[in-house]
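Nothing in this text is a laboratory measurement; each read-out follows from the coordinates by a stated rule. Predicted model only: the values in this text are computed from it and were never measured. Cβ sites come from the backbone with ideal geometry, for glycine too, and all protein chains shown count toward neighbours.
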Amino acid sequence: MDVPRMDRSLGELFSDLSQQTSDLIRQETRLAKAELGAKLADVGKHAMMIAVAIAVGLAAVITVAAAITLLLVDLGVEPWGAAAITAAGLGLTAFLLAQSAIGALRKKSIAPTETIHSLKETTQWLKNGTR
């Protein structure tokens with residue numbers, strides 16, 4: 001509009017405020033989508049790394065379990081006892097690794113913190129600006 005600010009009607013001012021508020025809400029929505037996308041991609045990357053580690057580690061665990069069991073049998077432990085000891089050790093190891101990964105994922109937040117902060121600022125601005 002080419003109308004000077006002093007000559008604008010109240011209706012025009014409210015129309016501009018409404019338009020600017022709509023634009024601001026659309027921008028906040030785009031920011032939230034972008035931030036959530038980035039955070040979900042980060043969490044997905046860590047989850048994928050965990051899945052790959054499980055797949056590769058499974059083959060190694062099977063081989064190590066067989067080797068440990070055979071070693072214990074060679075040392076004189078009954079085969080069933082050797083298998084039980086090996087399974088217990090590997091089970092404990094798996095538990096500790098899983099707890100470590102779960103702890104790392106818990107530290108990640110998917111909440112759109114920047115968007116929430118921006119929305120709070122916008123709300124405060126709207127409250128102060130319409131008085």
With each label point set 7 Å from Cα along the Cα-Cβ vector, what nm distance links GLN99 and THR123? 3.9 nm
Would you work out the charge dipole size for the chain about its Cα centre, treating the Cβ of every Lys and Arg as +1 and the Cβ of every Asp and Glu as -1, and quote it to the nearest 20 debye? 260 debye
How big is the C-alpha Rg of the chain next to the rule-of-thumb value 2.2 N^0.38 Å, as a ratio? 2.13
Enumerate lysine pairs in the chain that are 8 or more residues apart or on different chains, then count those whose Cα atoms are under 21 Å apart. 9
Given R₀ = 22 Å, what would the calculated FRET efficiency be for ILE85 paired with ALA51, taking r from the Cβ atoms and rounding to 0.05? 0.15
Rounded if a/c is under 1.5, else prolate if a/b is larger than b/c, else oblate: which is the stretch 58-108, with a ≥ b ≥ c the root eigenvalues of its Cα gyration tensor? prolate
